[in-house]
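Asks: Let me begin by handing over the structure; questions about it come next.
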Amino acid sequence: MITNEMLKKYVEYSDEVKKAMEEGKPVVALESTIISHGMPYPQNIETAKACEEIIRENGAVPATTAIIGGKIKIGLSEEELEFMATSKDIIKASRRDFAYIVSRGLNGATTVASTIIASRLAGIKIFVTGGLGGVHRHAETTFDISRDLEELASNDIMIVCAGCKSILDIGLTLEYLETKGVPVFGYQTYHMPAFFTRKSEFKVDYNIKTPQEAAEAANTQWNLGLTGGILLTNPIPEADSMDEDKINKAIEAALVEAEEKGIHGKETTPFLLSKVLEVTEGKSLEANIALVKNNARLGAEVAKYLY
């Protein structure tokens, strides 16, 4: 069993997050892979800072997670955010990488999966990201399924996102989450968002109308001992949504190129997103930034009602 004394060896809190926890203020976790691997500089650092400020403005405290010099960071300083945005010496860290990076004193950017792990160690109940990893297209033959889903199913946390990344198989991802007993909520929508666009052909389990309603569902689930995570999907704002046909064509072209180049595993998503960015002439990055900020706002609002 992990004790607080054991954790002191591995985990470090920013002063802001430590103070918030001592005072019982709502804290919202953020990943760092979007900073180090998901966006180019300077948009990555600008977006990271903007999301943190949005969370503060909406009554909560941001806790961006990362591994720096082997220490699990819960909340980053401005210097640490800059380091994550510019250093080339950062490993994309999922669960299988986590302990190795920590034990060797290396630097790691937290994915959705490893941000869930860091949040569990810190006792944080809500986490904001752009898009959830999921079941990749043709997974019935490749078995390429993101670790994000298993971590979400295994931990008491709510993830706020704009659906799973549209490069994935949305239908199979929802089937996987159903099997694992993860409720999928849509914020003021009945349809599963498709990351760059506001909806897909698939339905969510329940339409959630307010942040308080989302938090009450989470509190009730965990109070009843129904362990596991909750997915709160938040559609990209209407003004920032992309043309569905254009984005789907860009994704299909990127998938073909990835297969031709033999790209697989954790390198797949960064490659596909970079190719989509290229084909859409930067429009996908603008959409990505808009949806992450939108999720940060909702996450902060929900966090105020969680306990």
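Asks: What's the center-to-center distance, using Cα atoms, between the stretch 235-307 and the stretch 70-137 in Å?
Replies: The stretch 235-307 and the stretch 70-137 have Cα centres spaced 19 Å from each other.
Asks: With the crude spin-label approximation of a point 7 Å out along Cα→Cβ, what separation in nm comes out for LYS71 versus LYS209?
Replies: The answer from the label model is 4.7 nm.
Asks: Work from the charge dipole of the stretch 250-297 (Cβ charges, +1 for Lys and Arg, -1 for Asp and Glu, about the Cα centre) and give the residue of LEU277, VAL292, ALA258 farthest towards its positive end.
Replies: VAL292
Asks: Which percent, to the nearest 5, of DSSP beta bridges fully inside the chain are antiparallel? Please report the intermediate quantities before stating the final value.
Replies: On the way: 10 of 36 bridges.
Rounded to the nearest five, the antiparallel share is 30 percent.
Asks: So which GluC sites (Glu not before Pro) in the stretch 251-294 are both in a DSSP loop and have at most 15 other Cβ atoms within 10 Å of their Cβ?
Replies: Numbers: sites: GLU252, GLU257, GLU259, GLU260, GLU267, GLU278, GLU281, GLU286; in loops: GLU281.
Hits after loop and neighbour filter: GLU281.
Asks: Add -39500 (n - 2.57) for each DSSP H run of 4 or more in the chain, then divide by its residues: what number comes out at 222 nm, to the nearest 500 deg cm²/dmol? Write down the numbers at each step before the final one.
Replies: On the way: 13 runs with 143 residues, N = 307.
Helices in the chain give a 222 nm mean residue ellipticity of -14000 deg cm²/dmol.
Asks: Ignoring ligands, DNA and RNA, how do ARG96, ARG120, ARG104 rank by accessible area with a 1.4 Å probe, largest first?
Replies: Details: ARG96 190, ARG120 115, ARG104 155 Å².
I get ARG96, ARG104, ARG120, largest accessible area first.
Asks: Give me the compactness ratio for the stretch 55-204, meaning the Cα radius of gyration over 2.2 N^0.38 Å.
Replies: Details: Rg = 16.1 Å, N = 150, 2.2 N^0.38 = 14.8 Å.
That works out to 1.09 for the stretch 55-204.
Asks: May I ask for the percentage of alpha-carbon pairs in the stretch 219-307 that lie more than 20 Å from each other?
Replies: Details: 2106 of 3916 pairs.
Tail of P(r) above 20 Å: 54 percent of Cα pairs.
Asks: Keeping every protein chain in place, order LYS49, LYS249 by accessible area at 1.4 Å, biggest value first, i.e. largest first.
Replies: Values: LYS49 80, LYS249 150 Å².
Ranking LYS49, LYS249 by accessible area, largest first, yields LYS249, LYS49.
Asks: Students sometimes get this wrong: rank PHE271, PHE195, PHE83, PHE143 by accessible area, probe 1.4 Å, all chains present, largest first. Intermediate results must be reported in sequence, preceding the final value.
Replies: Values: PHE271 30, PHE195 5, PHE83 65, PHE143 165 Å².
From most accessible down to least: PHE143, PHE83, PHE271, PHE195.
Asks: Continuing with this model, one more query. Let's test this: bin the Cα-Cα distances of the stretch 1-96 at 5 Å from zero up to the farthest pair and state each bin's percent.
Replies: 2, 13, 23, 24, 19, 12, 6, 1, 0
Asks: Further, regarding this structure: Tell me which residues come under 5 Å, amide H to amide H, from LEU132 once H is placed; ignore anything under 5 positions away on its chain.
Replies: ALA162, GLY163, CYS164, LYS165
Asks: Please compute the Kirkwood hydrodynamic radius of the stretch 243-293 from all pairs of different C-alpha atoms, in Å with one decimal.
Replies: Working: mean 1/r = 0.0887 Å⁻¹.
Evaluated on the stretch 243-293, it is 11.3 Å.
Asks: Turning to a different aspect of this structure: Only Lys, Arg, Asp and Glu count, each charged at its Cβ (+1, +1, -1, -1), so figure out the dipole size of the chain about its Cα centre, rounded to 20 debye. Working shown, then result.
Replies: Working: 33 positive and 44 negative charges, 133 e Å.
The dipole of the chain has a size of about 640 debye.
Asks: What accessible area per residue comes out for the stretch 84-147, rounded to a whole number of Å², with a 1.4 Å probe?
Replies: On the way: 2770 Å² over 64 residues.
Using a 1.4 Å probe on heavy atoms only, each residue of the stretch 84-147 averages 43 Å².
Asks: Probe radius 1.4 Å, ligands and nucleic acids ignored: give me the carbon and sulfur share of the accessible area of the chain as a rounded percent. Don't jump to the answer; show the numbers that get you there.
Replies: Details: 7130 of 14150 Å².
In the chain, the share of accessible area belonging to carbon and sulfur is 50 percent.
Asks: Would you kindly derive the ³J(HN,Hα) couplings of the stretch 9-18 from the backbone phi angles with the Karplus curve 6.51 cos²θ - 1.76 cosθ + 1.60 (θ = phi - 60°), listing them in order in whole Hz, with x for Gly and Pro?
Replies: Per-residue couplings from phi come out as 5, 10, 10, 10, 9, 5, 4, 4, 5, 4 Hz.
Asks: Between PHE202 and GLU53, what's the calculated FRET efficiency when r is the beta-carbon distance and R0 is 30 Å? Round to 0.05.
Replies: Numbers: r = 33 Å, r/R0 = 1.10.
FRET efficiency, PHE202 to GLU53: 0.35.
Asks: What is the stretch 135-176 by shape, rounded, prolate or oblate, if you read a ≥ b ≥ c off the alpha carbon gyration tensor as root eigenvalues and call it rounded for a/c under 1.5, prolate for a/b larger than b/c, and oblate otherwise? Write down the numbers at each step before the final one.
Replies: On the way: a/c = 2.54, a/b = 1.52, b/c = 1.67.
Because a/c hits 1.5 or more and a/b fails to exceed b/c, the stretch 135-176 counts as oblate.
Asks: Where the convex hull is taken over the Cα atoms of the stretch 101-183, what is its projected area averaged over directions, in nm²?
Replies: Hull-based average projected area comes out at 6.2 nm².
Asks: When the chain is fully extended, how far beyond the present Cα-Cα distance does GLN188 get from LYS18, taking 0.36 nm per residue of separation? Can you show the working numbers first?
Replies: Values: separation 170, 0.36 × 170 = 61.20 nm, distance 3.32 nm.
Difference between extended and current length: 57.9 nm.
Asks: Here is a follow-up. Quickly work out the GLU150-to-GLU267 label distance, labels modelled 7 Å from Cα along the C-beta direction, and quote it in nm with one decimal.
Replies: Going by the 7 Å Cα→Cβ label model, 2.2 nm.
Asks: Name the residues whose placed amide hydrogens come within less than 5 Å of the amide hydrogen of TYR305, ignoring near sequence neighbours (fewer than 5 apart) on the same chain.
Replies: none
Asks: Students often get this wrong, so check it: of LYS19/LYS49; LYS180/LYS209; LYS209/LYS304; LYS125/LYS180, which have C-alpha atoms separated by over 21 Å?
Replies: On the way: LYS19/LYS49 19 Å; LYS180/LYS209 24 Å; LYS209/LYS304 16 Å; LYS125/LYS180 19 Å.
In this structure, LYS180/LYS209 lie more than 21 Å apart at Cα.
Asks: Out of all Cα-Cα pairs in the stretch 157-302, roughly what percent, to the nearest whole number, are more than 19 Å apart? Present the calculation step by step, with values, prior to reporting the outcome.
Replies: Values: 5706 of 10585 pairs.
Tail of the P(r) past 19 Å holds 54 percent of the pairs.
Asks: I've got another one for you. Per residue of the stretch 55-72, in order, report the coupling 6.51 cos²θ - 1.76 cosθ + 1.60 (Karplus, θ = phi - 60°) as ³J(HN,Hα) in whole Hz, putting x for Gly and Pro.
Replies: So the J values, rounded to whole Hz, are 5, 4, 4, 9, x, 10, 10, x, 10, 6, 9, 6, 10, 10, x, x, 9, 7.
Asks: Using only alpha carbon pairs under 8 Å that are at least six residues apart, calculate the relative contact order of the chain and give it in whole percent.
Replies: Numbers: 610 pairs, mean separation 59.5, N = 307.
Relative contact order of the chain: 19 percent.
Asks: Short version: ³J(HN,Hα) in whole Hz for each residue of the stretch 106-115, in order, from phi by Karplus 6.51 cos²θ - 1.76 cosθ + 1.60 (θ = phi - 60°), x for Gly and Pro, what are they?
Replies: Taking θ as phi minus 60°, the curve returns 9, 10, x, 8, 7, 7, 4, 4, 7, 5 Hz for the stretch 106-115.
Asks: Would you mind checking which residues have amide H under 5 Å from GLY229's amide H? H placed 1.01 Å from N; only 5 or more apart, or other chain.
Replies: ALA153, SER154, ASN155, ILE157
Asks: In square nanometres and to one decimal, what's the mean projected area of the convex hull around the Cα atoms of the chain?
Replies: Average projection, Cα convex hull of the chain: 14.9 nm².
The values are calculated or read from the model by the stated rules, or taken from the named source; none is laboratory data. These numbers were taken from a predicted model, which means no experiment stands behind them. Cβ sites come from the backbone with ideal geometry, for glycine too, and all protein chains shown count toward neighbours. Note: accessible area is taken over every heavy atom of the protein model, side chains too, but ligands, DNA and RNA are not part of it. Shrake-Rupley method; radii C 1.70, N 1.55, O 1.52, S 1.80 Å.
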